[in-house]
1. Can you name the residue in segment 137-187 that is among the β-branched types (Val, Ile, Thr) and assigned to a loop (DSSP other than H, G, I, E, B) and is also modelled with the highest pLDDT among such residues?
2. Yes or no: GLU81 within 30 Å of GLU155 (Cβ to Cβ) and either in the same structural domain as GLU155 (by TED's automatic domain parsing) or touching a residue at least 40 places away in the same chain (Cβ under 8 Å) (or both)?
3. Before we move on, is SER321 touching a strand residue (DSSP E or B) at 6+ places or on another chain (Cβ under 7 Å) and surrounded by fewer than 15 Cβ atoms within 10 Å (Cβ to Cβ)?
4. Output the residues belonging to segment 251-281 that are outside any helix (DSSP H, G or I) and within 26 Å of LEU49 (Cβ to Cβ).
5. Please determine, by comparing only the residues of segment 277-309 that are under 22 Å from THR258 (Cβ atoms) and touching a residue at least 60 places away in the same chain (Cβ under 8 Å), which one is nearest to the chain's Cα centre (by Cα).
6. Please count how many residues of segment 167-186 are surrounded by 17 or more Cβ atoms within 10 Å (Cβ to Cβ) and not hydroxyl-bearing (Ser, Thr, Tyr).
Amino acid sequence: MEGPQRRGEIFESDHGASDGASVGGRGALHRPVLLQETLRALAPEGGGLFFDATIGTGGHAEALLEASPDVRLIGVDRDREALRVAAERLRRFGDRVHLAHADFRDIARVVEEAGGGQLTGILVDLGVSSLQLDAPERGFSFRFDAPLDMRMDVESDAETAAELLARLSEAEIARILREYGEEPRAQQIARAIVERRRRGEPVRTTGDLAALVAEVTRRGRTRIHPATRTFQALRIAVNRELEGLDQFIERAVALLETMGRLVIISFHSLEDRIVKRAFRRLASEGRVELLTKRPVVPTFEEKGRNPRARSAKLRALRKLS
């Protein structure tokens with residue numbers, strides 16, 4: 001990662017946000033992260049069938065569709081609210097767009113249900129959107145004191161972060177914080193969470209958790225909030241963000257046409273490590289060509305416009321056979 005950011009660490013100002021877009025009175029739609037770099041990597045000018053595996057509020061998708069009248073797009077997201085925003089944003093493209101509420105790992109099923117066919121390009125933007133971060137009720141950010149939810153799909157029956165912390169053992173909580181947040185004080189934080197449960201004071205809100213972590217680490221708010229790694233780890237655990245990512249890359253490449261392209265934007269080192277290893281393995285097998293020998297990162301100007309973009313890394317490949 002760049003600057004003072006260390007392994008697995010996300011600034012509260014970034015928090016892995018993939019899109020400057022927000023709606024519902026929270027601001028205007030903005031351009032998404034690494035937009036021009038994404039368009040160069042996917043080369044949509046010649047048209048074809050593209051798959052946006054994490055469409056969010058539709059920023060990347062809109063640019064792909066504008067690149068050529070011959071571009072058709074299938075877009076999915078787990079966040080129903082984001083899908084509603086994307087549907088409105090992309091309405092002008094008519095039947096060139098097919099949207100579905102689905103996890104990106106269900107790519108094969110979604111493509112078949114949309115009519116099938118090999119894909120010209122696939123985009124996966126793994127960041128949390130500003131739509132999610134800027135909504136206090138979603139519980140992703142410690143900028144607001146709100147219920148500790150963190151689910152990408154709030155209409156699902158999946159466990160919230162608060163429910164997870166109320167159920168898991170001290171050892172399991174520590175493992176999540178260590179593996180997904182690379183938190184050096186994982187054991188102490190987990191012990192404090194479980195001790196609060198024993199006292200009948202479970203962690204229920206973002207404010208509760210942020211204050212607990214700050215107390216355990218004995219650090220006040222600095223440029224990087226002491227709870228950053230803990231929030232990242234819980235978000236990953238709640239949404240199973242890393243599960244099956246390497247298998248998804250295999251399935252995605254299989255669905256590409258020859259010379260088709262796959263672009264993945266990640267926002268923390270755990271994701272990027274999985275993507276890098278999978279890409280390199282496919283390249284060593286002669287199945288793909290790496291279009292990015294090193295990850296593409298935002299320009300200084302883009303980071304100035306959108307601080308949440310600063311941790312983004314883009315990797316791209318082209319299928320050979």
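The values are calculated or read from the model by the stated rules, or taken from the named source; none is laboratory data. All values derive from a computational prediction rather than experimental measurement. Positions of Cβ are backbone-derived with ideal geometry, glycine not excepted, and every protein chain shown enters the neighbour counts.
1. THR160
2. yes
3. yes
4. Within segment 251-281, LEU256, GLU257, THR258, MET259, GLY260, ARG261, LEU262, VAL263, ILE264, ILE265, SER266 meet the criteria.
5. To start, the set of residues in segment 277-309 that are under 22 Å from THR258 (Cβ atoms) comprises 278-293.
Then keep just the ones that are touching a residue at least 60 places away in the same chain (Cβ under 8 Å); that gives 291-292.
Values: LEU291: 21, THR292: 20 Å.
Only one residue tops the list, namely THR292.
6. The number of residues fulfilling the criteria is 12.
The rows are residues; the columns are (1) part of a strand (DSSP E or B); (2) over 16 Å from the mean Cα position of the chain (by Cα); (3) buried (at least 16 other Cβ atoms within 10 Å of the Cβ).
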| position | (1), (2), (3) |
| --- | --- |
| THR54 | no, no, yes |
| HIS60 | no, no, yes |
| LEU65 | no, yes, yes |
| ILE74 | yes, yes, yes |
| PHE93 | no, yes, yes |
| VAL110 | no, yes, yes |
